[in-house]
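Quick notes on the structure that follows.
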Amino acid sequence: MTRSDRPLSRKLVRLGFQVLGRARAHRQDLWPGLAIDRASGAVSWKGGHLLTLVPAAQFIPSGRPLLAIVGSGPSLRDQRVEALGSGTAILCNGAAALADRIRPLAVAVEDERFVFRHHAMLAALPCDIPLMLSPSAMRALAERDTGPLRDRDVALIENVIKPIGAARRALTDPELSDFVILGREGAISVAPDRGVVITGTVAFSALQFALAAGPERILLAGIDLTNDTEPRFYERRADAAPSGLRSGLRRILAGFSLAATVAGRRGIALDCASPVSALLDIGYRRDELLNP
């Protein structure tokens, strides 16, 4: 397999669960071994207690002057990420490599393939750095070693249209109408601990949590969306994992566009630190904070 692919065993599991039909196929995210009780937050692994989920608000304080969402775009190589300071950022995927340079509020991962490739990076994080994980990312971590999940605050990134223990639903489902805002193309959750809208980049999921915290300003760094053929800032070209961003770019940008509208209504400044980001083309303001 290539480094970006799921192991063959997971590909077979995915194929097997497709037999259940589209409405139930997302049960494969938990199988085998992971169980999540949404009501109590209790998470078990192979029948034994693993952890109890906490709301992200427990480690993403409300009303801060600045929250940052840091992706792993190539632009970060030439930027001064330390300018963010500690206690401001949610690091997404490979941006976890920055945890020894800026103390993050949390590390967010929603694609199990990242766990398969970079389990060691996540396992090396100090246990007092919270994780924000999708069900499949949590299961992939537990499959390798439950140690990095124990004695750690963990919040759930749950796809609103694929609820745990229930059938797939549409974004227009009436049960979502009190916390999911629908735009002309995109959608966004304003209560992310109840579920987020997934677009194809974990940065958008993290942004939903940041907006819910109501800071004065949110800065997006390393979210380029224009140079996905280049290695991420922590990769070498020889072993860079392929990116699927290009194929889902329209959906991703629709989400970020709606997020900007929601932020504006709430008086939250939403800026972009990447000089090459596609977000600049949809009206995001360029911020110079991380310039060298």
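The values are calculated or read from the model by the stated rules, or taken from the named source; none is laboratory data. Bear in mind the structure is a predicted one, so any value in this text is a computation, not a measurement. Ideal geometry is used to build each Cβ from the backbone, glycine not excepted, and the neighbour counts take in all protein chains shown.
When restricted to residues that are crowded, with 16+ Cβ neighbours inside 10 Å and in a loop (DSSP other than H, G, I, E, B), region 67-83 contains 4.
Take the residues in region 230-258 that are hydrophobic (A, V, I, L, M, F, W, C) and modelled with pLDDT under 75; name whichever of them is farthest from Asp271 (Cα to Cα). Of everything passing the filter in region 230-258, Ala238 is farthest from Asp271 (Cα to Cα).
Within region 245-290, being assigned to a strand (DSSP E or B) and either in contact (Cβ under 8 Å) with a residue 24 or more places away in the chain or acidic (Asp, Glu) (or both) holds for Ala269, Leu270, Asp271, Cys272.
Sort out which residues of region 51-80 are aliphatic (A, V, I, L, M) and touching a helix residue (DSSP H, G or I) at 6+ places or on another chain (Cβ under 6 Å), and write them in order of number. Those that are aliphatic (A, V, I, L, M) and touching a helix residue (DSSP H, G or I) at 6+ places or on another chain (Cβ under 6 Å): Leu51, Ala56, Ile60, Leu67, Ala68, Ile69, Val70.
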